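One structure is given below, encoded as structure tokens.
The values are calculated or read from the model by the stated rules, or taken from the named source; none is laboratory data. Everything numeric in this text was worked out from a predicted model, so none of it was measured. Because the Cβ atoms are built from the backbone with ideal geometry, glycine has one as well, and the counts that use them run over all protein chains shown.
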Amino acid sequence: MDKVKIEDVLRLQDFGLERLDEDRVIVGFAARAEARIARWLDFAKGALLLLMVPGDPESGCFYIYDRGRGAFYSLSLPVEGRYGGFREGEFEALAQTFGLAELARDPQPLRA
């Protein structure tokens with residue numbers, strides 16, 4: 001997990017938004033990124049997302065939504081020879097290898 005590059009992408013408060021309807025916020029985030037939500041794991045404190053460019057099966061990027069902070073984080077996974085662009089079928093293995101579901105369950109460490 002220490003080698004995963006994490007970047008704060010967007011905070012709802014930066015846009016004057018609150019966590020009124022988090023499902024709509026997540027869907028809106030994907031729409032603004034012109035991406036489709038390929039995978040979405042929902043937890044009480046966060047969500048793990050795999051967004052993909054429509055029609056491009058090797059475009060998957062991982063994001064975590066922190067419900068407590070109302071923030072989205074992009075995750076760059078240290079997979080040798082790959083700089084993003086993951087397939088939907090790789091989601092489970094990558095999420096497990098890098099502990100992404102656990103991080104989405106409790107995104108507190110992202111706030112540092």
Filter result for Ile26 (touching a strand residue (DSSP E or B) at 6+ places or on another chain (Cβ under 8 Å), of a type in the set (Val, Ile, Thr) and at pLDDT 95 or above): no
Test: residue in the range 41-52 that is surrounded by 15 or more Cβ atoms within 10 Å (Cβ to Cβ), in contact with a helix residue (DSSP H, G or I) (Cβ under 6 Å, 6 or more places away or on another chain) and assigned to a loop (DSSP other than H, G, I, E, B): yes
Every pair of residues 6+ apart whose Cβ atoms lie under 8 Å, when the first sits in the range 32-57 and is closer than 16 Å to Gly99 by Cβ while the second is of a type in the set (S, T, N, Q) and modelled with pLDDT under 95: Lys45/Gln108
Of the criteria (1) of a type outside the set (Val, Ile, Thr); (2) surrounded by 16 or more Cβ atoms within 10 Å (Cβ to Cβ); (3) at pLDDT 95 or above, which one Phe72 fails: (3)
Residues (under 18 Å from Arg36 (Cα atoms) and either within 14 Å of the chain's Cα centre (by Cα) or among the basic types (Lys, Arg) (or both)) located in the range 77-106: Gly84, Gly85, Phe86, Arg87, Glu88, Phe91, Glu92
